[in-house]
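The values are calculated or read from the model by the stated rules, or taken from the named source; none is laboratory data. Because the structure is a prediction, the values reported are computed rather than measured. All Cβ positions, glycine included, derive from the backbone under ideal geometry; neighbour counts span all protein chains shown.
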Amino acid sequence: MMTASHLPVMLEEAVAALDPAGADVVVDATFGGGGHSRRILGDLGPEGRLIGIDRDPDAVRRAADIHDERFTFTPGAYDEMLWEMVDEGERADAILFDLGLSSYQVDEAGRGFSYVAEGPLDMRMDPDSGISAADFLNTVDEGELSRVLSGYGGVPRGKARRVAREISRRRPLSTTLDLADAVRAAVGWAERGGHPAKRVFQAVRVHVNDELGGLQRALKAAERLLTPGGRLVAITFHSGEDRAVKRFISDREGRCVCPPELPVCVCGARPVFRRGGVRRPSEEEIEENPRSASARLRVAFRTAEPLDVGRDDR
């Protein structure tokens, strides 16, 4: 039985926005624990298809538990896998991005994501790819580290500089508690706002996994994959990824930028997406699953407007 800490966030809202039915092709680009995928399969018709994607080896193992001929799983980074689908000429009727960490990753101390349980300072979504958090923190320049903490974690600049300086002083760091202790020594404890290492861990994780770059590339692939009327659904958990999704949709709404004195539009504005609603978790869901509190669900609908296929979007 799935515990409360492993509940998929905004499950019913996300599936309602995806609106899977009949012979639809749906992509769950962030399979995680598979909660959204299992619910989607319940609404798809016999001819429908669900494609799951995830680069986490543990997610690969969980996907093997779904025995449904309509379901296929592709291991790998979602931006790369979505662009492979584009290259192969595939199309999709709905695509889901459930961003951030899964509870499975947070709760497994050996993955290095937790700032309250000791584990190796890793933080990679795919432990076999890229550099670990320890490799990054033990070699990065103080100024660059300060910029990463501010840019990806929203750490105030003064605090970011103090944390970067303390990390540099304590090198080499090898465990999650080494990093958490460095943050606490640099900035102390605040009466409000939670654990002082929370935003630092977020920033390092986002950087190590190139999460924002991957998201931007994946959204551009989704733009090409979706059929007219196709649904794009994104659940975000921090301001950086939420801004990226919001900006992507806004940039493709085709808003006219002609001077107001012109009688007709001459700028060629062409809406590729139509903006849908923005949802937040209910009070009941937040009470049951506190980790859902920061979630935002954004929806956009693909229009029939053709894309400028000459753009290099990758």
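Some observations on this one:
- Qualifying residues in the stretch 88-108 (those that are of a type outside the set (Ser, Thr, Tyr) and part of a loop (DSSP other than H, G, I, E, B)) - the one nearest to the chain's Cα centre (by Cα): LEU99
- Residues satisfying the stated conditions in the stretch 137-158, i.e. over 26 Å from the mean Cα position of the chain (by Cα) and assigned to a helix (DSSP H, G or I): GLU142, GLY143, GLY158
- Exclusive hit being farther than 17 Å from TYR115 by Cβ, surrounded by fewer than 16 Cβ atoms within 10 Å (Cβ to Cβ) and free of Cβ contacts under 8 Å to residues at least 60 places away in the same chain, set ARG161, ARG169: ARG169
- For the residues TYR152, TYR78, the requirement of being in contact (Cβ under 8 Å) with a residue 60 or more places away in the chain, in the same structural domain as ARG184 (by TED's automatic domain parsing), within 23 Å of LEU297 (Cα to Cα) and not acidic (Asp, Glu) singles out TYR152.
- Candidates VAL204, VAL233 - the one that is buried (at least 23 other Cβ atoms within 10 Å of the Cβ), in contact (Cβ under 8 Å) with a residue 60 or more places away in the chain and touching a strand residue (DSSP E or B) at 6+ places or on another chain (Cβ under 7 Å): VAL233
- When the stretch 216-230 is filtered for residues that are in contact with a helix residue (DSSP H, G or I) (Cβ under 9 Å, 6 or more places away or on another chain), under 13 Å from VAL272 (Cβ atoms) and of a type in the set (A, V, I, L, M), the ones remaining, listed by number, are LEU219, ALA222, LEU225.
- Reported count of residues in the stretch 25-55, each being among the acidic types (Asp, Glu) and either closer than 20 Å to LEU219 by Cβ or not assigned by TED's automatic domain parsing to the domain that holds LEU82 (or both), is 2.
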